[in-house]
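Working notes, structure below.
The values are calculated or read from the model by the stated rules, or taken from the named source; none is laboratory data. The structure presented is a predicted model; accordingly, all values stated were derived computationally and were not measured. For neighbour counting, all protein chains shown are included, and Cβ atoms are generated from backbone atoms with ideal geometry for every residue, glycine included. Protein only, heavy atoms only, side chains kept; ligands, DNA and RNA dropped before computing areas. Shrake-Rupley method; radii C 1.70, N 1.55, O 1.52, S 1.80 Å.
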Amino acid sequence: MDQDMVENGENGHVSDSAEGSLTTSVLIICVIAASAGLMFGYDIGVSGGVMSMEPFLKKFFPSVLKKMADNHTTQQDVYCTFNSQVLTAFTSSLYIAGLVASLAAGLVMNSTGRKGTLVISGILFLVGSALDAFAINVEMLIFGRLFLGIGIGFANQAAPIYLSEMAPPKWRGTLATAFQFFLTFGNVMATLVNFFAAGLNESGWRVSLGFGAVPAAIMTVGALFIPDTPGSLVQRGKIHKARESLSQVRGIDSDNEAELNDIMSSNEVAKAGHEGPYRLILHQRYRPHLVLTVAVGLFQQLTGINLVAFYAPVLFRTFGWSGSSALLGAILLGMVNCGSTLVSTYLVDRAGRRFLYLEGGVQTCISQVAIACIIASEVGDSGTAALSNTGAVAILVLMCSIAAAFGWSWGPLTWIIPSEILPLEVRPAGQAICIASNFALTFVLAQISLAMFCHLKYGVFLLFAAVVMIMTVFLALFLPETKGIRPGSMGEVWKNHWYWRRFVEQMSIGDDHLST
């Protein structure tokens, strides 16, 4: 039997001797890198809250504020209160910038490394936060959002890859969920800032937007003191520093030279290719990697999490909640999402990726159908009836259910799966495609979600429920389990899969080595 099979098991699982240990050093380093999620999470939480603040609307979007006032004096369709393309551009502009940045991030990482890309992302986010805090018109506001988007595009590309390359295989899932935890924690931080800033009257929204500089500064300063990944250092010819980086994160008891030799061999194979990673990933042998990488990037947003994450305060105000109550509801949602991410941290390397995906999909679908039924029965098609207190509480509970399901499944797994299944030679390209597809769809949904809510009314939740069910079935059929499997052993997983084996079974031994 092949020696690699002896070490990894027939299905590619890592043996106890090869899986590595969770050292204090690697834990601290990965936590610092994962704190990049603070920036993304803060922005997700702050935008919806700021959009519900009357001084912000008065300065930049007075037409929306007028519709809110009309709802209190006449019977208006509440579904369409916040339907403004310019208002949603405040949220969505960030993601079009993030899309472009994520495609360029691979080139930036090749020249500056994972660590350098994290530092650059933090600086860009700092600039964007300052522009938004001091904005005097809509153009300056959206210009600042573009800087934020570029920073997030770089961070969302570099941080998951950094975590995947630094973490020991046994703990890869757990450490990778740290990015999602910081993302949800940043969301909670933003909703808390929004709640207190709302009491500052005219300057509250400036405080909320400017406070985004705090998570950016935390990550940027921390990133200056962590090493780059061994894979990135080897790619740039810094073998001595790669050896030092391995020793720092693996400890002196691990076989660091063997791991370094594997990285160097993989790098040589990647360099020997005559095609760039973006053309290489289009080859048939990378079909499973490409399809699933794009799928998980798109699926995360097709869960309908936009309506919960971005526009929760807006939705609450739509149904008659006061500004402070709407922000309190958003805080609760953020706390549920943050806590559920800790559940994922515990379960992802125990129950596995597939179980979390499937359970999260079923829970999300049921919750969305229930929300649609409540809104249909109490508010109706006309959108002129009031939502009862009982109905409002029920919707909040069901939204918390969606936030929890997302927090322990579809949220963190989007950052874990691509970095696990992509081989080194196409990893930056594949990760960039995943994030770009995610941002592209996020941009579209952020721009049209409130318009969809206006035209489809409660039916928008039924639409997302149907889509979630289809996606859950797709993942049940086509996503293999990657728990505890080294990226170098994924070739065996593809060969044993009922469908994907047809794309990889013709690979030669030399081609199979590319997966290491």
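Where a ≥ b ≥ c are the square roots of the eigenvalues of the C-alpha gyration tensor, would you call segment 183-308 rounded, which needs a/c under 1.5, or, failing that, prolate if a/b is larger than b/c, or oblate? It comes out oblate by the Cα gyration axes. Taking 0.36 nm per residue of separation and subtracting the Cα-Cα distance, full extension of the segment from N201 to V397 would add 67.6 nm. Our estimate of slack between K271 and A104, defined as 0.36 nm per intervening residue step minus the Cα-Cα distance, is 58.2 nm.
Couplings 3J(HN,Hα) for segment 98-104, derived from phi with the Karplus relation 6.51 cos²θ - 1.76 cosθ + 1.60 (θ = phi - 60°), are x, 4, 4, 5, 5, 6, 7 Hz, where x marks Gly and Pro. Take 155-166, 332-343 and order them by the average number of nearby Cβ atoms within 10 Å per residue, most first; the result is 155-166, 332-343. Pairs over the 31 Å Cα-Cα cut-off, from the set K58/K115; K59/K115; K66/K457; K115/K495; K58/K457: K58/K115; K59/K115; K115/K495.
Largest first, the residues I28, I331 sort by 1.4 Å accessible area into I28, I331.
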